[in-house]
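**Q** One structure coming up, written as structure tokens, with questions to follow.
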Amino acid sequence: MEEQSYIARGRTDAQDRLVAADDPLATLQRRCGGEIPGTIAIPELREQVRKARRTNLRLGRTIHAFDGSERIKSWMEIVPADEQSDTNTGCSIGIVTWQASEPPAERDDDAAARRDAIDDALAELHARLGPDQRVLTVHTEAEDLQPLYTRMSENLGKVWTDFVHIEGSQHAQPLHWRLLDQARVMVDGSPRNWTARLIPIGAPTPGSQGFELYLIANRAWVQRTQRRDRRAEDSASIGRDLTPILRQPIARIVANAETIRSRLAGPLGDEYSDYARDIVNAGQHLLSLVDDLTDLEVVESDSFRAAPDPIDLADVAQRAAGILAVRAQEKRITIAAPPTGTSQPATAEFRRVLQVLLNLIGNAIRYSPEGSTITVSLGSDGSRAHVSVRDEGPGLDEQAQRIVFNKFERLGRSGSGGSGLGLYISKRLAQAMGGDLTIDSTPGEGATFTLSVPAGH
């Protein structure tokens, strides 16, 4: 290795430890948490050194790293010692180029949206509030929140703070929503501590169209009961029993990985951000399977009934598009939602309609090509109100359209395509609300899924 052709150099031993290095390589090694001598702390460099030593081949590669404040891009040449007829069994490292640049800063709006999405995943109670913070709808599956759910659902129209205790607050309620967001609350009947999140809806004045209320617990709820004998007919309750035990630990894994991935806790190298993204994707897939299993039991239960209320399909569609906007942006997909000011009255259960639309738009994102557009449109035919989701994907032939709503049907897709339950559950939910879910598609021209529910006034 000709020293004059490099701006700096280093040397490793047979255990792939960096035993000598010039600056700036030495400084990067230490800023990445390593020592000299010590294990190479730069993941891409460590991998290439191992490869060069094992294959006994000279390698030239661009190495990317992050030193805590700057992104580093460097062309390095790695030469096994054996190739030089040297008694040393390690490698020589020569740095040809070295570029340092500032990492791109995440916009405040993007960071806030990610925090809201994390809290949404962790929340064990979701409620829709009006602009005056009065409860419109509420949902929870947490066992220790059932007394609270009963009180709130039987007293819709009351301010949500009437049902909880705000820690350290002696003021008349409700306070301004910004003072209540992230407040610590206590709930009668629950041994856990809770944090309240208020997510404003509406623009340009936040909260002009109401709020989403999330209650997030400080720990998971684990029911300690004696094991009971199960009869054959109880075997279908696995989802109901496992969901409260599994959901929050998985959600916390996803939330922590998302915090790492989005660098909310501080700077991080690209390679570690990619690892965190894999954890997020795997965790979200597992969460969706747990949720699908629970929903399957619900919709197939003889006692399942929807709880319709007057809703605005335009508002639900805009909300669903907003929730999935970040996922769509990652594939450069545009979601064309109904414009602000649009209205389509309907009679249906807000939470269930939102669940169906999230499934339809999520599927459209998953199977649409990059750079395409997903269009969410509204309509009515007098007795029915409609919301349609149209994508620009590969479309489905007649045979596929006949079976697309079947249980566990994934149309031959593999990998992270879901459980094959989403459309089956969505159709059952639509029918329970007195409506239907249909498909219209031509191969090569995309697909349009249409949810219809009774029209409102």
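**Q** Given a Förster distance of 30 Å, report the FRET efficiency between S101 and Q15 from their Cβ-Cβ distance, rounded to the nearest 0.05. Spell out each step's value before the answer.
**A** On the way: r = 32 Å, r/R0 = 1.08.
The value I calculate is 0.40.
**Q** Treat the count of other C-beta atoms within 10 Å as a stand-in for reagent exposure and order E141, E212 from fewest to most.
**A** Numbers: E141 16, E212 19.
By the 10 Å Cβ count, ascending: E141, E212.
**Q** Still on this structure: Would any residue of segment 325-355 have its amide N under 12 Å from a label point 7 Å out along Cα→Cβ of T373? List them or say none.
**A** 334-337
**Q** Hey, another quick one. Can you give me the relative contact order of segment 329-382 as a percent, contacts being Cα pairs under 8 Å and 6 or more apart?
**A** The normalised contact order for segment 329-382 reaches 67 percent.
**Q** Hey, what do the phi angles of segment 191-202 turn into as Karplus ³J(HN,Hα) couplings, whole Hz, using 6.51/-1.76/1.60 and θ = phi - 60°, x for Gly and Pro?
**A** x, 8, 9, 10, 10, 9, 10, 10, 9, x, 10, x
**Q** At a Förster radius of 30 Å, what calculated FRET efficiency corresponds to the Cβ-Cβ distance of A113 and N218, to the nearest 0.05?
**A** After rounding to 0.05, the efficiency reads 0.80.
**Q** Based only on other Cβ atoms within 10 Å, what is the fewest-to-most ordering of W98, W194?
**A** In order of increasing Cβ crowding within 10 Å: W98, W194.
**Q** Same structure, new question: For H457 and N256 in the same chain, what is the full-extension length gain: residue separation times 0.36 nm, less their Cα-Cα distance, in nm?
**A** Stretched fully, the H457-N256 segment lengthens by 68.0 nm.
**Q** In addition: So which trypsin sites (Lys or Arg not before Pro) in segment 302-351 are both in a DSSP loop and have at most 16 other Cβ atoms within 10 Å of their Cβ?
**A** Listed in order of number, the matching sites are R305, K331, R332.
**Q** Can I ask one more? Normalising by the residue count of segment 360-411, find the relative contact order in percent from Cα pairs under 8 Å and 6+ residues apart.
**A** 31
**Q** At 0.36 nm per residue, and after removing the present C-alpha to C-alpha distance, how many nm does the segment from S301 to S69 gain when stretched out fully?
**A** Computed gain between S301 and S69 is 78.0 nm.
FYI, it's all coordinate maths here, none of it is from the lab. Note that the structure is predicted; figures quoted are calculated from it, not measured. Don't worry about glycine lacking a Cβ; one is built from the backbone with ideal geometry, like all the others, and counts go over all protein chains shown.
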